[in-house]
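Okay, structure first, notes after.
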Amino acid sequence: MSFDLVLFGGTGDLAWRKLMPALFQAFRHGKLPPGGRILAVARDERSDAEYRAYIREKFGGVEEAKQPSDEEFSRFAELLHYRRMDLAQPAHYAGLREWTQARGADTVVLFLATSPHLFPVICEQLGAAGLNGPHVRVVLEKPLGHDLPSAQEINRVVRASFREEQALRIDHYLGKPAVQNLMALRFGNALFEPLWRRESIANIQITIAESLGVGTRGDFYDRTGALRDMIQNHALQLLTMIAMEPPSTSDADAIRDEKLKVLRSLKPFTPEAVARDVVRGQYKAGTVEGKRVRGYLDEDKVPPGSACETFVALRTEVQNWRWAGVPFYLRTGKRLAARDAQIVVNFRDVPHPIFPGTRQANKLIIKLQPEDGLELHLLAAKGGGASLQGAEVLTPVSLDLDFDKAFPTDRVGAYERLLMDAIAGRLNLFVRSDEQEQAWRWVEPILEAWAADALGPRPYVAGSWGPAASSALVARDGCVWLEEQ
Ligand code: BG6
């Protein structure tokens, strides 16, 4: 199957930091279909050779195991082309159409890795130039809007030129191997399904913790904040994967219909519920992984006195028969103690304890980062261990599955996976417009309540696990976050 992949924003950060390394890995693993071309599009004048040299240099910053040798790069570089485009110029789109038509590839994937304010003009122009035939797919990278009306507006413009199944919205968390494994665990095995419900599960915690700060993106981040940057998309997508009903098939729409139902079942926030169930924080100076770091307000390009949140913890519920009353806690933040992303499914305690001492319930931990794997926490009898009144004191043990060790040669990164799916037209891991809009609808009351609340975010020390109110939020239900156990 031949393909043309066109990267709008071809010299930008996303292109060289994530997309090119992912494409190279796919090429190295023999996963890139033969007969492909990759065309980078940007504003400035460059030749193909200059663009290839630019990307070669950028590979210097990629982790060592993922760097190409000179020989590998020169083979990969044969796929790379460059084209200057003024995105407002219809003639430039006509030129692009001719470029693709001259070759007549089976599939054309147009990846919009530009700033989102350019999506409307690009989509309109692509439609006007006839670059929207059935063999064309457009890939949109977040942020897709900053609230419900702006997301709806982007979707309206995209829809004017492309059908829903031609528009692929990326949430790169869906491309992470752990998310594939979550689907496999839930729907490829019969073991957990009887337990996957309110009768057996006490609560579910989804944490996406980052040790990095906002880096050089202070101005972007300050207009965004943790709720829009991580909760509205990545954390909610993880929640849908955990909470969805088994789909009737593995078709994209069968899966996305079930995810949408979860989003529609999330308990809506009232202003009182926001005050009670949502904690927002902002990091102060502190020490992260042994290094002193600045507070958010001292980061480059952050406006003085900003009330932007760099941390969110919240409690919600999925209002249906399976999950009624089970708290779902979502938490994300920058400059936390560690880079750590995981989903913890806390099972209920035994109904009647006969072993003294230890009272630790079972838990299943789905680890996304830094490694991906599964841990099932059980209690076991060590044998010869301490006993109390003649009964064994049980010891916590865990069954561990480390996917890097289990499948050492088959690891595929999130962007690699999603790019290959976009080329092959597999839509399962892309977000449908109705899911995305529903997620915005759900976060809107939080944004509104914060806008009306003069208190602003709670401070937390960089290198901690967020404001104390985050621990208090879960403690109200008698729970603790994993790292506090
Ligand atoms: C992006 C956010 O979507 O995800 C960033 O905009 C964040 O702020 C990043 O750092 C985290 O992704 P990952 O894959 O490194 O956990």
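Structure notes:
- Taking the listed residues Ile365, Ile343, the one that is in contact with a helix residue (DSSP H, G or I) (Cβ under 9 Å, 6 or more places away or on another chain), touching a residue at least 60 places away in the same chain (Cβ under 8 Å), surrounded by fewer than 19 Cβ atoms within 10 Å (Cβ to Cβ) and in a strand (DSSP E or B) is Ile365, with no other qualifying.
- Taking the stretch 135-243 and the helices (runs of 4 or more DSSP H) fully enclosed by it, the elements with 2 or more residues that are within 16 Å of the ligand (Cβ to nearest atom) and modelled with pLDDT of 95 or more are at 218-226, 236-243.
- Qualifying residue in the stretch 436-452 (condition: free of Cβ contacts under 8 Å to residues at least 12 places away in the same chain and over 30 Å from Gln319 (Cα atoms)): no
- Residue under evaluation Tyr296, criteria (1) touching a Cys at 6+ places or on another chain (Cβ under 9 Å); (2) under 20 Å from Asn233 (Cα atoms), criterion not met: (2)
- Boolean, Gln342 is within 16 Å of the ligand (Cβ to nearest atom) and under 25 Å from Arg476 (Cβ atoms): yes
- Here Gly188 meets each of (1) farther than 19 Å from Leu427 by Cα; (2) surrounded by fewer than 17 Cβ atoms within 10 Å (Cβ to Cβ); (3) under 22 Å from the mean Cα position of the chain (by Cα) with one exception, condition (3).
- Residues (assigned to a loop (DSSP other than H, G, I, E, B) and surrounded by 18 or more Cβ atoms within 10 Å (Cβ to Cβ)) located in the stretch 1-45: Gly9, Gly10, Thr11, Leu32
- Tally, over the stretch 401-420, of residues that are out of contact with any Asp or Glu (no Cβ under 7 Å at 6 or more places or on another chain) and touching a residue at least 12 places away in the same chain (Cβ under 8 Å): 10
- Selection status of Leu263, in contact (Cβ under 8 Å) with a residue 60 or more places away in the chain, within 16 Å of the ligand (Cβ to nearest atom), among the hydrophobic types (A, V, I, L, M, F, W, C) and touching a helix residue (DSSP H, G or I) at 6+ places or on another chain (Cβ under 8 Å): no
- Listed by position, the helices (runs of 4 or more DSSP H) contained in the stretch 400-452 that have at least 1 residues being modelled with pLDDT of 95 or more and within 16 Å of the ligand (Cβ to nearest atom) are 414-424, 433-451.
The values are calculated or read from the model by the stated rules, or taken from the named source; none is laboratory data. The shown structure was predicted, so the numbers you read here are calculated from the model rather than taken from an experiment. Positions of Cβ are generated from backbone atoms using ideal geometry, with glycine treated the same way; all protein chains shown enter the neighbour counts.
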